[in-house]
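Scroll down for the structure; my scribbles are underneath it.
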Amino acid sequence: MHSRHSEWILILDYGSQFTQLIARRLRELNIYCEIHPYNVDLNEVKEPTPKGVILSGGPKSVNDPDAPELQKEVLNWGIPVLGVCYGLQLLSHNEIPGSVDKADKREFGRARLNIDDHSDLLKDIPDDSVVWMSHGDHIHELPSSYRIIAHTANAKVAAVRHTQKEIFGVQFHPEVAHTRFGSQLLKNFAKNICQCSGDWTADSFIETHVKSIREQVGSDRVLCALSGGVDSTVVATLLHKAIGDQLQCLFVDNGLLRKNEFQNVLKLYRDDLHLPVEGVDASEMFLERLNGVSDPEDKRKIIGRTFIDVFDDFVQHQEKFKYLAQGTLYPDVIESVNFKGPSATIKSHHNVGGLPEKMKLSLIEPVRELFKDEVREVGKTLGIPEHFISRHPFPGPGLGIRVLGELGKDNLSLLREADYIFVEELKEKGLYHDVWQALAVLLPVQSVGVMGDERTYEFTVALRAVTSLDGMTADWAHLPYDFLANVSNRIINEVKGVNRVVYDISSKPPATIEWE
Ligand code: XMP
């Protein structure tokens, strides 16, 4: 079921790496939008009628035999259209095939925009501002139904508008941060031209979804797996607001959580958020099944399967559930355009994958239209405490993928202590929010050291802290040396069994954030 906001903009994706950024920029203006592949069945995106359409950029040339095409019907919907880069070239090619060709000079990077018409799309944008170009083709013959509204030194046609209709095109990328007035341009398009009021806020999201969840669920029951993370907590809190005790949450101690995590988070769920939650201690079962397993993928699979078994056992003793709620986010959902075949690829990341099929449950994913920071906003508005909302991400398989190799109670508790010291120190020194994620990893190697007058032969802890926007790419955090020295000292002095601490200075890619 779709609960699309009534005032929205449709983004047709032609495969540009920047398409998601168009959505981000619009959402920042409190305008709801959705990204769909360029060849989406238009019947699926007609209701409610979008206020405007944006045609994204893309890696192809409009002259390629297999170039993704314009669904011309959108030009007859009578709503404004904005073509970005490839999108602009499509508009031109649509009127005069052959009007786009290879530019003498491919243009990548900064250019200065000279504006010929300051009305509509380019309103309130000063002349000679920086824009970001990234194209190999250009328009050499502009159809007579369009006129130029801006140019650059290298591109005669940098921005155009249709002479009769509200159809616009830009050769540069307004969605990237390097385009100085890009957000202003998108605001001009969405607010002035498409007449979106910008009424999409956390409050309006909650109001719409409480209503639609109630309609969808009726009098049935919903099961929600809580991980202790922000996404599932927001989902559960939203569902609870909508359907009260028809919701049942389950929080599993898999023996792979951080120090005091199970008790602390369960307390927050019960005392602060008043969620109907059952806490199940399944740590023995997880650790038993993981015994002797060292391959990272095997460990992940065993952990995932064990979750399913714990769930299965739980529902046997419960009134029947019809739905399973999950905290899937928008970046997991967006269908990336696949030019090689008709099917679109969907990336998904489920810690309890396979659960709905096995239990014949239908999925409810109320935050699947949101980006992470928007989920945090909704969480705050729902009254979830700030300190919880701003926690670092923590993976479903937990410390299980941070004790490298075989797991055991001893090495898990050793890592738990080291992790606790690292994170507590970050919080105490005011550095916790400067990093996207911080963690400790226990390496399965022993090395020689000396403590007092004694030779030691003990384990190594690796500290990892990264800065990132979305976890997809990351840089190692440049934490102060003094801070690292202090953490290292504390870990070696306080955690018995560790005589060496190292700091991970690899970025992602080529490394990943987690070590397994
Ligand atoms: P990597 O290690 O792939 O991690 O760079 C990117 C982000 O995803 C988290 N992560 C997971 N989260 N289940 C999760 O819920 C998983 O299996 C999983 N593996 C990695 C990781 O902590 C980082 O934030």
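The values are calculated or read from the model by the stated rules, or taken from the named source; none is laboratory data. Since the structure is predicted, the reported quantities are computational estimates derived from the model, not experimental observations. Backbone-built Cβ (ideal geometry, glycine too); neighbour counts: all protein chains shown. Surface areas here come from the heavy atoms of the whole protein model, side chains and all, with no ligands, DNA or RNA. Shrake-Rupley method; radii C 1.70, N 1.55, O 1.52, S 1.80 Å.
Annotations for the structure displayed:
- Test for L382: is it more than 19 Å from the chain's Cα centre (by Cα), of a type outside the set (K, R), farther than 21 Å from D309 by Cα and open to solvent by less than 10 Å² (accessible area, probe 1.4 Å): no
- Single residue of region 507-516 satisfying the filter (over 12 Å from V441 (Cβ atoms) and touching a residue at least 24 places away in the same chain (Cβ under 8 Å)) that is farthest from the ligand (Cβ to nearest atom): S507
- Within region 489-509, not a single residue is within 24 Å of P331 (Cβ to Cβ) and in contact with a helix residue (DSSP H, G or I) (Cβ under 8 Å, 6 or more places away or on another chain).
- Wholly within region 1-102, strands (runs of 3 or more DSSP E) carrying at least 1 residues that are touching a residue at least 24 places away in the same chain (Cβ under 8 Å), in contact with a Phe, Trp or Tyr (Cβ under 9 Å, 6 or more places away or on another chain) and under 30 Å from I213 (Cα atoms): 8-13, 32-37, 52-55
- Filtering region 402-417 to residues that are more than 16 Å from the ligand (Cβ to nearest atom), assigned to a helix (DSSP H, G or I) and open to solvent by less than 30 Å² (accessible area, probe 1.4 Å) leaves L412, L414.
- Residue match in region 432-441 (condition: farther than 14 Å from V495 by Cα, surrounded by 11 or more Cβ atoms within 10 Å (Cβ to Cβ), within 27 Å of the chain's Cα centre (by Cα) and away from the ligand (no atom under 12 Å from the Cβ)): yes
- Listed by first and then second residue, the pairs linking a residue in region 191-204 that is exposed (fewer than 15 other Cβ atoms within 10 Å of the Cβ) to a residue that is part of a helix (DSSP H, G or I) and among the β-branched types (V, I, T), with Cβ atoms under 8 Å apart and 6 or more places separating them unless they lie on different chains, are D203/T381.
Results for (1) under 18 Å from V466 (Cβ atoms); (2) within 16 Å of the ligand (Cβ to nearest atom), shown as yes or no for each residue.
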{"position": "P366", "(1), (2)": "no, no"}
{"position": "V375", "(1), (2)": "no, yes"}
{"position": "V378", "(1), (2)": "no, no"}
{"position": "R391", "(1), (2)": "yes, yes"}
{"position": "G396", "(1), (2)": "no, yes"}
{"position": "G400", "(1), (2)": "no, yes"}
{"position": "D419", "(1), (2)": "yes, yes"}
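- Whichever residue in region 327-365 is among the polar types (S, T, N, Q) and open to solvent by 20 Å² or more (accessible area, probe 1.4 Å) and, among such residues, is modelled with the highest pLDDT: S362
Every residue, every condition in (1) within 24 Å of the chain's Cα centre (by Cα); (2) open to solvent by less than 80 Å² (accessible area, probe 1.4 Å), yes or no:
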site	(1), (2)
A465	yes, yes
D470	yes, no
W476	yes, yes
V487	no, yes
S506	yes, yes
P509	yes, no
E514	yes, yes
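- Close Cβ contacts (under 6 Å, 6 or more residues apart or on different chains) running from residues in region 306-328 that are not assigned by TED's automatic domain parsing to the domain that holds G228 to residues that are at pLDDT 90 or above are absent.
- Scanning region 39-59 for residues that are touching a Gly at 6+ places or on another chain (Cβ under 8 Å) and surrounded by 16 or more Cβ atoms within 10 Å (Cβ to Cβ) gives I54, L55, S56, G57, G58.
- Of the residues making up region 451-458, not a single one is in contact with a helix residue (DSSP H, G or I) (Cβ under 9 Å, 6 or more places away or on another chain) and open to solvent by less than 20 Å² (accessible area, probe 1.4 Å).
- Residue match in region 453-464 (condition: within 27 Å of I389 (Cα to Cα) and more than 12 Å from the ligand (Cβ to nearest atom)): yes
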